[in-house]
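Contents: one structure, followed by commentary.
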Amino acid sequence: MIKTINSWRGLMAIAVVLFHCNVAWIYNVAVSGVTFFFLSSALLLAMRHPFKRLNASAYGRFVAKHALRLYPLHWLGLALLVVIALTLYSGHIDWGATALSALLLHAWSPLHDVHYGLNPVAWYMSALLFCYAVFPLVMRWLGRWRLRYKALLALALAVILGAIMLPLDIPGREAVFVNPLSHIVDLVVGLMLMHLCLVLRSRYPRVNFVAATWIEVGALALLAAVIALNMNTTLVRPWEDDVLWLVPQGAILTALVYLNGQEGAVGRVLLWRPLQWLGSISFEVFVLQFVAFRLFGFVVAPVAGHLGWDIYDDYAWLVMALLLPLSWLVNRLFTRPLASIVKKKFN
């Protein structure tokens, strides 16, 4: 793991949680962060698994290994939400949709109540599972392509996805966005960025601190500019779900990988140990946020209501006091032990 990517993922996970807490100003950062999750996953996979040769055994081991990184944590979060719904809220559960979610097949459904379901953020894992399934094939196919051809393919896929989203209303765009097929473009862009980083490293192997800082600031400024554009005009809004963020988050990812080991000022901030810790539990933070929301709402909302606080608005961010310790405990007691078992099994 590249440490600066780890920290940036942590910050993007927090942005997603704050958006779900109705912190409206964080919306663009949160949505762009989901694009970063896909891009960074594709790039890191490409660095670790070049798949110059591919056979059925290698393919099966790769998919099984990476599926086992998703399902246990997903099942834990889903089980907790089922228990909370039945015991604390006495809520109705759509068992058909929940079964699809348990299999991580629910993101294929165009129905809002199915592809979001009991754990609304689990669509990401459904789409990521599909990316894991097709990655060896895409990598084997694209691995030897020249950078310019990868870039042209990425552009073509982005244009196609944008054209599909353009005439749709918000529910329609959401259905396309969560559909796993839409994230083939993220996969291809991630492979292209990996190739670009290798080219940059070979041509410009040394970067001083000042130059590195300017590169980092430039990438962040590009993200800020796109956010400002989206906030002040409706021209790019039809593509704000995914396509809009490929360039700025792709630029940030490229900067983090290219400058790995020779970070500038921004990179050194991202190497700060608390941010590294946040990055280490970012997946748990992302997956378990609605577990924390439900518990937080049940315990705190009645008390806060007596004090006149709107717990789902101004004070919802206080859920972090529950979510971060919960994520840390699950990471230490559940995710890490399972990861160790999987590593021994597949190494």
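The values are calculated or read from the model by the stated rules, or taken from the named source; none is laboratory data. Being a predicted model, the structure only gives us computed values, none of them experimental. Glycine gets a Cβ as well: all are built from the backbone with ideal geometry, and neighbour counts include every protein chain shown.
Based on what the data block shows, is residue 34 at pLDDT 90 or above, closer than 18 Å to residue 282 by Cα and aliphatic (A, V, I, L, M)? Taking the combined requirement at face value, the residue satisfies it.
In the set 193, 181, only one residue is more than 19 Å from residue 257 (Cβ to Cβ), assigned to a helix (DSSP H, G or I) and at pLDDT 95 or above; that residue is 181. For residue 126, the stated conditions hold: it is within 16 Å of the chain's Cα centre (by Cα), within 22 Å of residue 17 (Cα to Cα), hydroxyl-bearing (Ser, Thr, Tyr) and surrounded by 20 or more Cβ atoms within 10 Å (Cβ to Cβ). If you go through region 96-119 and pick out every residue that is in a helix (DSSP H, G or I), among the aliphatic types (A, V, I, L, M) and either more than 19 Å from residue 67 (Cβ to Cβ) or more than 18 Å from the chain's Cα centre (by Cα) (or both), you end up with 5. When the residues of region 84-95 are filtered to those that are part of a helix (DSSP H, G or I) and farther than 18 Å from residue 284 by Cβ, the one that is modelled with the highest pLDDT is 95. From the residues in region 16-48 that are assigned to a loop (DSSP other than H, G, I, E, B) and not aliphatic (A, V, I, L, M), which one is farthest from residue 319 (Cα to Cα)? Here the residue is 22.
Taking residues in region 116-130 that are at positive phi, and partners anywhere that are not charged (D, E, K, R), the pairs with Cβ atoms closer than 6 Å and at least 6 places apart or on different chains are 117/97; 117/101; 117/106.
Summed over region 43-56, the residues that are within 13 Å of residue 137 (Cα to Cα) and surrounded by 14 or more Cβ atoms within 10 Å (Cβ to Cβ) give a count of 5.
For region 73-91, the set of residues classified as within 22 Å of the chain's Cα centre (by Cα), buried (at least 16 other Cβ atoms within 10 Å of the Cβ) and not small (Gly, Ala, Ser) consists of 73, 74, 76, 78, 80, 81, listed by residue number.
If you check residue 62 against the conditions, is it over 26 Å from residue 337 (Cα atoms), surrounded by fewer than 23 Cβ atoms within 10 Å (Cβ to Cβ), out of contact with any Leu (no Cβ under 8 Å at 6 or more places or on another chain) and not hydroxyl-bearing (Ser, Thr, Tyr)? For residue 62, the condition - over 26 Å from residue 337 (Cα atoms), surrounded by fewer than 23 Cβ atoms within 10 Å (Cβ to Cβ), out of contact with any Leu (no Cβ under 8 Å at 6 or more places or on another chain) and not hydroxyl-bearing (Ser, Thr, Tyr) - is not met. Among the residues here, residue 97 does not qualify as within 20 Å of residue 130 (Cβ to Cβ), free of Cβ contacts under 8 Å to residues at least 12 places away in the same chain and aliphatic (A, V, I, L, M). One residue alone among 58, 15, 67 is within 18 Å of the chain's Cα centre (by Cα) and farther than 17 Å from residue 227 by Cβ, and that residue is 67. With respect to residue 22, determine if the residue is free of Cβ contacts under 8 Å to residues at least 12 places away in the same chain, surrounded by fewer than 20 Cβ atoms within 10 Å (Cβ to Cβ) and not hydrophobic (A, V, I, L, M, F, W, C). It is false that residue 22 is free of Cβ contacts under 8 Å to residues at least 12 places away in the same chain, surrounded by fewer than 20 Cβ atoms within 10 Å (Cβ to Cβ) and not hydrophobic (A, V, I, L, M, F, W, C). Cβ-Cβ distances below 6 Å connect no pair with a first residue in region 64-81 that is within 16 Å of residue 285 (Cβ to Cβ), a second residue that is among the basic types (Lys, Arg) and surrounded by fewer than 18 Cβ atoms within 10 Å (Cβ to Cβ), and a separation of six or more residues or different chains. Scanning region 168-178 for residues that are without any contact (Cβ under 8 Å) to a residue 60 or more places away in the chain and not in a helix (DSSP H, G or I) returns a single hit, 169. Residue 51 - would you say it is at positive phi and either over 20 Å from the mean Cα position of the chain (by Cα) or assigned to a helix (DSSP H, G or I) (or both)? Spelling it out, residue 51 is indeed at positive phi and either over 20 Å from the mean Cα position of the chain (by Cα) or assigned to a helix (DSSP H, G or I) (or both).
Looking across region 233-288 at every residue that is modelled with pLDDT of 95 or more and among the polar types (S, T, N, Q), the one that is surrounded by the most Cβ atoms within 10 Å (Cβ to Cβ) is identified as 249.
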